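Novice: Handing you this structure, nothing more for now.
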Amino acid sequence: MPDLNDCSLSMESFDLTLVAGPPGVGKTTWISQFLKDAARPLFYLYPGAQASVDLARIGYCFPWVSIISDDQLARVLTDLPDQAQVFMELGFHLDLESPLLSAYPGRRIAIVPPGLATSEWHNWADEVMPSNHSQASGADKLPAIWRSPLTGQVFDPPSLDDVLIELTGGAYGQVMRLKGIFELPDGRAFYVDFVEGLPGIEYTELKLPRWLDGRPDRFSGLEIVGRDLEQKTIAQTVLACCLADDVLFQYQRQYQQVQSEEETVIEESEQEVMV
């Protein structure tokens, strides 16, 4: 986390909201509801997570939101436009009593699971909000977090489904939260979300241009929060679902042809309407 000792932060010109809570309670989801209106300058930061699924998801879903990296933070916060609204998401692994974290002047929101009456998040927050998710870890026994970048990898859909079911079913340790961005051979990218205690795995297509020319160079990755995770086995199993270059080329050639045919049909239909 950057040093703010040299910064003079004033709340007169911008609105800062800090959001904290256990893993899987919906911090990013809660923040996202305020990022839909592009009329006001919006900023998002997640200290200590430079290449994370959450950062990429915010950037893909809300391209008008400025993502602040750790090395830009001190400079950006002292030179924000008037009426800017800044959201800082705090990972469960951060020490909320840190002097540097305490230096941020803003509204503190804790999102906690139902039934959790007291915790470090309660003590820290100005306002406590119940989560819609029942899953949570105790404040005194934090789980581990494992991240793997997957940029450039394209997945075989059935194999990916099987692995995600195995992962969330506990085959390689207790998975409390899983989220990822995965590229598929038809050029689409999906955000995948799983929370222990909630039914199923949620798949959401990201509104991105289809990537049908070589390996994608936009961010994709996997993040797992849990206990007793067999990290090496997880990494090997996930990579086994990735397509080799020759197979990916064949898929992309097929989908390029389909896309070209669809575009031709659309053009012909438009011409008929004009006539």
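Novice: Among the residues of the range 151-177, count how many are crowded, with 20+ Cβ neighbours inside 10 Å, assigned to a strand (DSSP E or B) and out of contact with any Ser or Thr (no Cβ under 6 Å at 6 or more places or on another chain).
Specialist: Of the residues in that region, 4 qualify.
Novice: Now for a separate question. Condition first: among the aromatic types (Phe, Trp, Tyr) and part of a loop (DSSP other than H, G, I, E, B). Now tell me which residues in the range 58-76 satisfy that.
Specialist: Those that are among the aromatic types (Phe, Trp, Tyr) and part of a loop (DSSP other than H, G, I, E, B): Phe62, Trp64.
Novice: Considering every residue within the range 223-237, establish whether at least one is under 23 Å from Ile145 (Cβ atoms), in contact with a helix residue (DSSP H, G or I) (Cβ under 6 Å, 6 or more places away or on another chain) and in the same structural domain as Arg177 (by TED's automatic domain parsing).
Specialist: yes
Novice: Scanning for something hydrophobic (A, V, I, L, M, F, W, C), modelled with pLDDT under 95 and not in a strand (DSSP E or B), does the range 187-198 turn up at least one residue?
Specialist: Within the range 187-198 (the criterion being hydrophobic (A, V, I, L, M, F, W, C), modelled with pLDDT under 95 and not in a strand (DSSP E or B)), the answer is yes, since at least one residue qualifies.
Novice: Report, by residue number, each residue of the range 14-57 that is in a strand (DSSP E or B) and among the aromatic types (Phe, Trp, Tyr).
Specialist: Phe14, Phe43, Tyr44
Novice: Is the range 194-209 home to any residue that is acidic (Asp, Glu), touching a helix residue (DSSP H, G or I) at 6+ places or on another chain (Cβ under 9 Å) and surrounded by 19 or more Cβ atoms within 10 Å (Cβ to Cβ)?
Specialist: yes
Novice: Looking only at the range 105-123, count every residue that is crowded, with 18+ Cβ neighbours inside 10 Å, of a type outside the set (Lys, Arg) and either modelled with pLDDT under 80 or not in a loop (DSSP other than H, G, I, E, B) (or both) and tell me the total.
Specialist: 5
The values are calculated or read from the model by the stated rules, or taken from the named source; none is laboratory data. If you're wondering where the values come from, they're calculated on a predicted model, not measured in any experiment. Glycine also receives a Cβ, built like all others from the backbone with ideal geometry; neighbour counts cover every protein chain displayed.
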